[in-house]
Amino acid sequence: KRTAIGQSESVPNPFVFDISEAQSKVAVPETLSQNYIFVPAKVKMLYLFYTLLESFLEDDDEEDEDEDRHGGEDDENTRVPRVRSAIVFCATCDMCQLLNEVALELEIPSVCLHSRLTQNRRIAALAKFKSASVPLLFATDVASRGLDIPQVELVINFDVPQDKKDYVHRIGRAARAGREGRSLTVVSQHDVELVQTIEEYTGTKMTDFEVISKRESDVLSMLNKVST
């Protein structure tokens, strides 16, 4: 800082420590697996609901699905990990509401949380999710910070966030307090640069969630159901 004495009193090449950048490097829990699926933008919703339906399968149903798909072979590498709770983050209130309505039509119990809901409805939706009355919450970034939801096993980024810090806050909903968790980002052809920025910011690379990305024929079999 310059003083009245003159420029000679200023500090040349001052050291600047950005605490926000330092915190971001340790904000991603080591017990959190970061995955992605790369799909065309027009089938993002289809892949999302296929993943959700597979993730919420009961054990008996999961075994039956595996036998049908793999001719009776029981291969752990072909199974979608089953979860009991998941949050799906969306970019807009409209998309959040739409995905919730589609989930209910597909008989997936869910609630949504966004800024267009009244305060009472937001509180009620959050209470149902936290109490495990429903396993699935669709939310905008209003739910990415400041909420105490300790039991989230899966976070899905249906829309890749524009701000890399929002990504860290979103996936931080899972794998809290040392628990294991997983994040899945649905990446379209329009999101590649955003994902590269996020990976550089977090210092980690997302891995291809092949158990879903390699099931194109199975996913497309749901096209009419989801579209309707």
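The values are calculated or read from the model by the stated rules, or taken from the named source; none is laboratory data. Keep in mind that this is a model prediction, so the values were computed, not measured. Note that we place each Cβ from the backbone using ideal geometry, even for glycine, and neighbour counts take in every protein chain shown. Just so you know, the surface numbers come from the protein's heavy atoms only, side chains and all, with ligands and any DNA or RNA stripped out. Shrake-Rupley method; radii C 1.70, N 1.55, O 1.52, S 1.80 Å.
Out of all the residues in the stretch 125-158, which are part of a helix (DSSP H, G or I), at pLDDT 90 or above and under 17 Å from residue 93 (Cβ atoms)?
Passing the criteria: 125, 126.
Name the single residue, out of those in the stretch 176-228 being open to solvent by less than 30 Å² (accessible area, probe 1.4 Å), among the hydroxyl-bearing types (Ser, Thr, Tyr) and in a helix (DSSP H, G or I), that is nearest to residue 34 (Cα to Cα). Full working, then the answer.
Taking the stretch 176-228 first, the residues open to solvent by less than 30 Å² (accessible area, probe 1.4 Å) are 181-188, 191, 195, 198-199, 201-202, 206, 209, 211-212, 215, 219, 222, 226.
When the remaining residues are screened for being among the hydroxyl-bearing types (Ser, Thr, Tyr), the result is 183, 185, 188, 201-202.
Checking the rest, the ones that are also in a helix (DSSP H, G or I) come to 201-202.
Numbers: 201: 14, 202: 11 Å.
Here the residue is 202.
Find all pairs meeting these conditions: Cβ atoms under 7 angstrom apart; at least six residues apart or on different chains; first residue within the stretch 159-171 and assigned to a helix (DSSP H, G or I); second residue open to solvent by 30 Å² or more (accessible area, probe 1.4 Å) and basic (Lys, Arg).
169/145
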